[in-house]
Structure formats: C-alpha cells, structure tokens
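Presented below is the structure to which this report refers.
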Number of protein chains: 2
Amino acid sequence: MAIVRQTLVYGGPGGPFEGVIAYEDEIRTLRPGVLVIPNVRGLKEADVLKAEALAKLGYVGFACDVFGQGKRTTPESPDIAVYMKEMNADRAQLRDRLAASLETLKGFDRVDPAKTAATGFCFGGKCVLDMARAGLDFRGGVSFHGVYDRPDYANVAPIEAKLLICHGWEDPIAPPDAMVRLARELTESEADWQIHAYGNAGHAFTDHAAVKGNRPGVFYEERADRRSWQAMQDFLTELFA
Amino acid sequence: MAIVRQTLVYGGPGGPFEGVIAYEDEIRTLRPGVLVIPNVRGLKEADVLKAEALAKLGYVGFACDVFGQGKRTTPESPDIAVYMKEMNADRAQLRDRLAASLETLKGFDRVDPAKTAATGFCFGGKCVLDMARAGLDFRGGVSFHGVYDRPDYANVAPIEAKLLICHGWEDPIAPPDAMVRLARELTESEADWQIHAYGNAGHAFTDHAAVKGNRPGVFYEERADRRSWQAMQDFLTELFA
C-alpha cells in the first residue's frame, strides 16, 4: 500500500487554484472524499500531511486552495493574513471558491461524490462552517480551532451538514462567548452539531509550528490535537456509515 | 464468554450500601474498574445494564450505591428526589460514600486497583465531578448530563483525575452559563478536562425512559447517547493505555 499525492489545478472565481489530493493507490473502489481547508497561510506541507493522514484512514484527502495558485504566506511574510483578509471581506466569493474546491473533490475519479466531508483549521474552520451555512452539498464538517463570525448572507435553514466543532477553551480568537453564540446560531439553524471544548488548549492547538509563548493563547497542545483527531475519526465513521 | 452480575453489599458512612458488579467471567487477568453512579433514583436495572456494557468492553463495571441499601425511588414515588436531596445537603458525606464505593471497586478481586474510572448520570455526573474535586484516587471520570454546582468544600489543586463532561446544550438543569462556570472552575483547578456539548440534546439524553414532552428539556436523544458513549470509550482507552 502506498499513499500517492497529486497536484490538482482547478478553476473557479478568483482562480486558478492549486491543491494536493492524496489517496491509497491500491484502493480501487470509490472512497469518501474529505477536504482539508488550510489556515491563514494557505496551502502548505502541513495540510498535505493532513490529507495523507486521511488517506491512511481510507479516505481521499484533498488539501484545497481558496486563495489562488501561488498565493501563500509564511510567518515571515510582511502580512501573514493578506489573502485571508480578502476572503473575510467577501464571504460570498469565499463560499463560491469553497464550492469549486468541493466540486473538484467530487469530480476526482476515486471519490464517491455522494460521500464528502470537510475539515478545516483556524480560518479553514470558518470555511467549514460557511460551507454548512451556505448549504453546500456535503455530509458534514469538522472545524479545528475555527473562527465563528457569521458571513453577511443568511444561513440556509435547516443546515443539513452535520458539524463537529473542536474548540480550544483558551482561544483568544474564539473566546467562550463566541463559542456560546455559535452554539445558539447552529441551534437556530436546526443543525446537528457538537462542540468539543478542550481545557488548557488555545488557538492553533493542532499546529506543531505554534510554539507556546510566541503569541498569547496560540499554541500547539498535544492532548487536544490527539483527542480532536480521534473525535474526527469517530465523526467521519458515523457520517459515512 | 459470559457476563456475570454479582450483588455487593458494602459499608461506609450511611451504609450498608448495595451495588451490582459486572464482569466477563472468562477474563482472568486484572481489569480496569469503572464505577457507574446512578441518577436521582438510585441503583436500578438501567445502571446494571451500563455496568454490563462496560464489562463487554473489557472492564469491570460497578453500578454502585450512595443512598443506602433499599433507598431507591421510581417516577411514581411521592418524592423522586428524596435521597438525592439528603446528599445534596451533605456533600462531605456524599464524598465519603463515593470513596467507600471506589474502595469497594478497587478491592474486588478482578480489578486492577491502580486502574479505576468513574461514570455517572445526572446526579451521578455531579458525583463524578465531586470525586475529582475531592481528590479521590481514580484516573478519570465521565459525567453524562451531570449537575455542576460546587460542593461546600474546596477543590484539591490540582485536580488529578482527567474529566470528560458530556453535556446536553438544551439541559435546563445545567444551562450554558453553568457549563461555562464549570469550565472556568476546572481550569482554575488545573484539571485536564474536556466538555462535549451536544446540540438538540437536553437533560437525561442517555435515559431511554425520559420521553420527550413529559418535562421540558428532559428527554432521551439517540445521537447524543451514541456519541457520548463512543467518547467515553475513547476516553477510557486513553486513560488506561
């Protein structure tokens, strides 16, 4: 058994986009497909590794791109958030770029297009929520230390996608009152939702590169990383049963 | 393989107590032991079934008793909460009765006394939290739709037991602000904690007997029941690894 990673260039508003899809080469039946939506920096090796980890679980993982080909930042960039800000200012276009990524996943020849899910990290967690809010056609999503502010369009009602929100209790970008507001929002939209709040974890708890002490409340936390990944596996198992 | 259930009568303040322990008869090695702490009614068949379900997972399950032998109520009792109220009024004695139950589990000849955990439902969830608050010697606990008011003694610091709190978002006995207070309390006590909040679930979400419509916010919810049981399994696996 070998994991294959393959670059996909695809169209959509603001495109072209460039993502990386990963799958177990020897599985010949159609597999559920799972988006991996990157954080503020856009697609990077850490996202491809998540897609590969999903491939090892038997899924097709697609580390996608909503910023556009070549639009990436690093912690050393003059403005690490430059592309994310563009999207935060145009949530309708963000939605359409997410839809383009989802369609690309569905169209991949190893994916069962009736069985898709999304995962996202930080800004990517917000993207997962927006996909559900916008009524995109996927079974469910997992937000890891996501951001909870609502878009400027109305939620579909009911939200059909199941949602698992993995939340660091010490997250300064999503403090407890933001988490409570999200719970109320999802309840009002009749979503099937769960929020897993992890004590002692902050923002970016899955991100090995987030060293404690650099930014208050932003740090890798091994227990929350491990537990949320297990919760995601249980969630995906339920979703595709 | 056969599950055996065995009645245990044991001592302690306010005793004698009567519980039921369940185990896989053919497992001859020492097993981790898991308390099942009943709800407001005290020990009943539903709790023994939980202990048996734990036995099927490879643990020794002990549906214990903190009210005292024969002290049980039913939904038809003049005051279903009569024995629970006594314990709510004397949390120090409740703690000592919990300690007696834990020691009984540890002393059972099929249990590895270094590997114990507690689960509890409703009032029993409060008991799990109190065991941790009081610093009883067990590895961790799971509260299912528990009650979060603090006892009148101070928490140990740090709380050593790991905690998983499975919470129904619509629970009128533990509304969102009580959940947030609990999170703050456990953080202040330096506990390793998680709260899993389930949308669309209220109090008693694991209780098949809680029919929707009888009491607002108190009802069985299949998804939260199933997901919290899975989360408990993941938690116990981590605890005894």
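Please compute the Cα-Cα pair-distance distribution of chain B with 10 Å bins starting at 0, giving whole percents from short to long.
Histogram of Cα-Cα distances, whole percents per bin: 8, 35, 39, 17, 1.
May I ask for the Kirkwood hydrodynamic radius of region B:174-241, worked out over all distinct Cα pairs and given in angstroms to one decimal? All intermediate terms of the calculation are to be shown ahead of the outcome.
Values: mean 1/r = 0.0738 Å⁻¹.
With all distinct Cα pairs of region B:174-241 included, I get 13.6 Å.
Which trypsin sites (Lys or Arg not before Pro) from region A:1-97 combine a DSSP loop assignment with at most 12 other Cβ atoms within 10 Å?
A:28
Enumerate by residue number the trypsin sites (Lys or Arg not before Pro) in region A:143-241 meeting two conditions: DSSP loop (anything except H, G, I, E, B), and at most 14 other Cβ atoms within 10 Å of the site's Cβ. Write out the running numbers ahead of the final one.
Details: sites: A:162, A:181, A:184, A:212, A:223, A:226, A:227; in loops: A:212.
Qualifying residues, ordered by number: A:212.
Mind listing P(r) for region A:109-241? All alpha-carbon pairs, 5 Å bins, whole percents.
Per 5 Å bin, starting at zero, the Cα-Cα P(r) for region A:109-241 comes out as 2, 11, 21, 24, 19, 13, 7, 3, 1 percent.
Suppose only helical runs count, i.e. DSSP H with n ≥ 4. What mean residue ellipticity at 222 nm does that imply for chain A under -39500 (n - 2.57) per run, divided by all residues and rounded to the nearest 500 deg cm²/dmol? Walk me through the numbers before you get to the answer.
Values: 6 runs with 78 residues, N = 241.
Value at 222 nm, helices only, nearest 500: -10500 deg cm²/dmol.
Taking every pair of alpha-carbon atoms in region B:32-119, give the share separated by more than 15 Å as a whole percent.
Values: 2264 of 3828 pairs.
The share of Cα pairs beyond 15 Å in region B:32-119 comes to 59 percent.
Report, for residue A:172, each distance to the same residue's label point in the other copies, shortest first and in nm; define the point 7 Å along Cα→Cβ.
4.1
With chain A rotated onto chain B, spot the residue of A whose Cβ lies nearest the axis and note the distance in whole Å.
Closest to the rotation axis on chain A: A:196, 3.
Suppose you put the label 7 Å out from Cα in the Cβ direction; list, shortest first and in nm with one decimal, how far residue A:9 is from each other copy's label.
Those label-point separations list as 8.2 nm.
Can you pull the one-decimal nm distance between simple spin-label points at residue B:184 and residue B:90, each 7 Å off the Cα toward Cβ?
Distance between label points: 3.2 nm.
Using DSSP, restrict attention to beta bridges with both residues in chain A and report what percent are antiparallel, rounded to the nearest 5. Working shown, then result.
Working: 12 of 39 bridges.
Roughly 30 percent of the beta bridges in chain A run antiparallel, per DSSP.
Would you mind giving the mean number of other chain beta-carbons within 10 Å of the Cβ of each residue in A:226-235, as a whole number? Mind dumping the intermediate values first?
Numbers: counts 2, 6, 1, 0, 6, 6, 0, 1, 6, 2.
Taking all residues of A:226-235 together, the mean is 3.
Please give me, ordered by residue number, the GluC sites (Glu not before Pro) of region A:1-31 that lie in loop per DSSP and have at most 15 other Cβ atoms within 10 Å. Present the calculation step by step, with values, prior to reporting the outcome.
Numbers: sites: A:18, A:24, A:26; in loops: A:26.
Sites meeting the loop and neighbour criteria: A:26.
Please report how far the C-alpha centroid of region B:195-233 lies from that of region A:189-228, rounded to the nearest whole angstrom.
When both Cα centres are located, 25 Å separates them.
For region B:173-241, report the accessible area per residue in Å² (1.4 Å probe, heavy atoms, rounded to an integer). Provide the component values of the computation, followed by the final result.
Working: 2860 Å² over 69 residues.
With the other protein chains kept in place, region B:173-241 gives 42 Å² per residue.
Write down the Å³ per residue value for the convex hull defined by the alpha carbon atoms of region B:88-180. Intermediate results must be reported in sequence, preceding the final value.
Details: hull volume 8.5 nm³, N = 93.
Measuring per residue, one finds 92 Å³ for the Cα hull of region B:88-180.
Tell me the carbon and sulfur percent of the accessible area for the protein assembly as shown, rounded to whole percent, probe radius 1.4 Å. Could the numbers behind the result be given before it?
Working: 9590 of 18560 Å².
Summing carbon and sulfur atoms, their accessible area is 52 percent of the total for the protein assembly as shown.
Just the projected area, averaged over all directions, of the convex hull on the alpha carbon atoms of the protein assembly as shown: how many nm²?
Working: hull surface 93.7 nm².
If I average the Cα hull's projected area over directions, I get 23.4 nm².
Hull surface divided by four, with the convex hull built on the Cα atoms of region B:78-131: how many nm²?
Numbers: hull surface 17.4 nm².
Convex hull of Cα atoms, orientation-averaged projection: 4.3 nm².
Measure out, as a whole number of angstrom, how far apart the alpha-carbon centroids of region B:19-72 and region B:123-170 sit.
18
Out of all DSSP beta bridges in region B:99-241, what portion is antiparallel? Express it as a percent rounded to 5. Numbers along the way, then the final one.
Numbers: 1 of 18 bridges.
About 5 percent, rounded to the nearest 5.
Given the options A:40, A:180, A:48, which has the most mean-square fluctuation in a GNM of chain A, springs set between C-alpha atoms less than 10 angstrom apart?
A:180
The values are calculated or read from the model by the stated rules, or taken from the named source; none is laboratory data. For clarity, every value in this text was computed on a predicted model and none was experimentally measured. Cβ coordinates were reconstructed from backbone atoms using ideal geometry, including for glycine residues, and neighbour counts include every protein chain displayed. Surface accessibility is based on the protein's heavy atoms, side chains included, excluding ligands, DNA and RNA. Shrake-Rupley method; radii C 1.70, N 1.55, O 1.52, S 1.80 Å.
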